[in-house]
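Below is one structure, written out as structure tokens, with a few remarks after it.
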Amino acid sequence: MKIIIAGDGKVGQLLTSQLSGEGHALTLIDNNPTALESSIERYDVMSIEGNCASMEVLRSAGVDKADLLITATGADELNLLCCLTAHGMNPKLHTIARIRTPDYSESISSMRKMFALSMVVNPERQAAHEIDRLLRYPGYLKREKFANGMVEIVELKIDAGSVLANQPLHHLTQVTHVQVLVCAVVRDGKMAAPSGDFVLLEGDHIYVTGSVKNLSQLLVNIGIAAPKIRNVVIAGGGRNCYYLTQMLLKEGVAVKIIEKQRDRCEKLAEVFPEAIVIEGDVSKRSVLEREKISEADAVVAMTGMDELNVILSMYANSVKVPQVITKLGRGENLELISNLPIGSIVSPKELCCDTITRYVRAMNKQTGAAVTVHSIADGQAEAIEFVADAGTKHTGEPLKNLSIRKNILVASITRGRNIEIPNGDSVIRPGDRVVIVTDSEMAVTDLNDIFAGGR
């Protein structure tokens with residue numbers, strides 16, 4: 001497909017990496033020539049320097065022949081104007097706009113057609129939803145949903161003294177007394193697709209799939225279930241904080257916000273009178289001690305500085321806060337950061353890009369396209385959900401008789417309300433929801449791609 005990406009910032013660059021790798025023809029638009037030069041050097045893309053809302057610039061970018069426009073500049077208004085102008089020049093064009101300002105949320109949702117928007121993405125709101133899910137079900141470092149929420153892949157860390165440490169995977173059911181599957185392991189920053197003989201070690205990050213019920217029971221059975229969260233300290237009063245506070249207060253959770261800038265504090269106190277808003281610098285230990293961070297059920301570090309978020313989360317862990325969540329804006333070097341005691345890691349840009357990539361794949365092939373796509377294992381693997389249909393090969397044949405491509409694991413098969421962790425006798429039937437886990441470098445856009453020989 002021919003795709004135009006307006007805005008070559010953090011989200012734009014990650015999208016460029018993902019979509020160029022899947023063979024799409026990309027044209028980038030940005031006012032910053034340095035950013036464009038960097039992208040051109042790394043990827044096989046075209047670039048246009050200029051204002052993305054200008055008809056002349058859009059014409060130069062080939063908007064009349066484009067299939068999709070993604071706007072991810074730093075200004076919501078520019079993103080909207082760009083989509084509106086481009087759609088006027090090409091009425092068949094699909095448009096996706098990143099809209100981040102809370103004040104626009106309601107109007108954009110109700111007036112999407114008027115703005116000629118196929119989809120709206122809000123990284124900060126998505127991140128807040130993910131953090132809210134982690135807080136409501138403490139114990140997981142990360143959770144990804146599949147099969148309409150019936151199946152999940154969760155991330156857990158094997159700490160010192162864990163019953164899972166030094167256990168081979170073929171003993172997993174005996175140890176946990178529940179049916180789940182370890183589909184990936186990250187050790188020393190590198191991902192492994194484990195076999196039954198793989199032995200888990202202290203410090204491993206494991207990615208486990210199963211039904212929501214079984215995964216919840218898993219936490220109980222291995223002794224890491226945490227009590228319900230009743231009070232949360234949020235460091236940083238930006239957009240992420242706004243959306244998360246809104247959600248937590250509705251759920252009856254007590255919220256304390258610590259923000260350095262006075263004007264933000266005043267705004268948050270006005271919008272959320274039920275929350276406690278503190279003007280303070282979380283980089284100062286005296287502030288953290290004064291606000292009794294150690295007494296919180298959870299600390300969410302979401303300032304605008306990744307380095308400060310990491311340091312704050314390490315402090316919260318050192319004073320035994322039960323649950324710690326760290327927001328990372330850039331997300332580089334995750335393999336290094338993930339070994340630090342900073343709890344769960346949430347990346348707004350990755351959540352946003354996963355959503356857009358799923359839309360692109362659905363556009364590219366309406367039948368057999370991925371229903372859900374999640375990046376796992378520090379971006380080294382993807383978990384992808386498909387719905388088997390009449391065009392799916394080898395339906396009704398046992399998996400043990402099939403030739404599955406290397407580095408692809410069939411992680412779960414959901415048929416109606418029945419969830420199965422596959423074995424050699426399992427079969428895929430039309431209508432089944434199938435979750436596969438694969439190396440992130442391997443493009444799997446159709447369920448038939450998992451078989452040797454492909455489509």
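What follows is calculated from the coordinates using simple rules that are stated; it is not laboratory data. Small disclaimer: the values here were computed from a predicted structure and weren't measured. Cβ: placed from backbone, ideal geometry, glycine included. Neighbour counts: every protein chain shown.
Assuming charge only on the beta carbon of Lys and Arg (+1) and of Asp and Glu (-1), the dipole of the range 380-447 about its Cα centre is about 220 debye to the nearest 20. Using the structure shown, list the pairs from 190/406; 267/292; 92/142 with a Cα-Cα distance above 27 Å, or answer none. Beyond 27 Å between Cα atoms: 92/142.
Considering Cα pairs under 8 angstrom that are at least six residues apart, work out the relative contact order of the range 143-221 and quote it in whole percent. Working shown, then result.
On the way: 140 pairs, mean separation 31.1, N = 79.
Answer for the range 143-221 is 39 percent.
Each of 91, 283, 11 was placed along the dipole of the chain (beta-carbon charges, centred on the mean Cα), and the one lying farthest toward the positive end is 91. Sorted on the mean count of surrounding Cβ atoms within 10 Å across their residues, most packed first, peptides 104-113, 276-285 read 276-285, 104-113.
Net charge of the neighbourhood of residue 415, taken over other residues with C-beta under 15 Å away and scored Lys/Arg +1, Asp/Glu -1, is -2. With contacts taken as Cα pairs under 8 Å and at least 6 residues apart, the range 348-429 reaches a relative contact order of 22 percent. In this Cβ point-charge picture (+1 for Lys and Arg, -1 for Asp and Glu), the chain has a dipole of about 960 debye about its Cα centre. Each other residue within a Cβ distance under 13 Å of residue 30 adds +1 if Lys or Arg and -1 if Asp or Glu, for a net charge of -2.
Averaging the sequence gap over all C-alpha pairs within less than 8 Å and six or more residues apart, then dividing by the number of residues, gives the range 237-370 a relative contact order of 16 percent. In the chain, taking the dipole from charged Cβ atoms about the Cα centre, the farthest positive-side position among 414, 268, 404 is held by 414. Length, then width, then depth: along the principal axes, the Cα atoms of the chain run 65, 63, 39 Å.
Each residue of the range 5-22 was assigned a 3J(HN,Hα) from its phi angle through the Karplus expression (A = 6.51, B = -1.76, C = 1.60, θ = phi - 60°), giving 10, 9, x, 9, x, 4, 5, x, 5, 5, 5, 4, 4, 5, 6, 5, x, 9 Hz with x at Gly and Pro.
Projected onto the charge dipole of the chain (+1 at Lys/Arg Cβ, -1 at Asp/Glu Cβ, origin at the Cα centre), which of 58, 46, 355 gives the Cα projection farthest towards the positive end? Farthest towards the positive end: 355. Sorting the segments 391-402, 339-350 by their mean number of nearby beta carbons within 10 angstrom, highest to lowest, gives 339-350, 391-402.
Starting from a Cα-only point model with no solvent, please compute log10 I(q)/I(0) by Debye for the range 231-321 at q = 0.21, 0.25 1/Å. So the normalised log intensities work out to -0.99, -1.40.
Equivalent ellipsoid of the range 2-121: semi-axes from √(5λ) of the C-alpha gyration tensor, largest first, are 22, 15, 13 Å.
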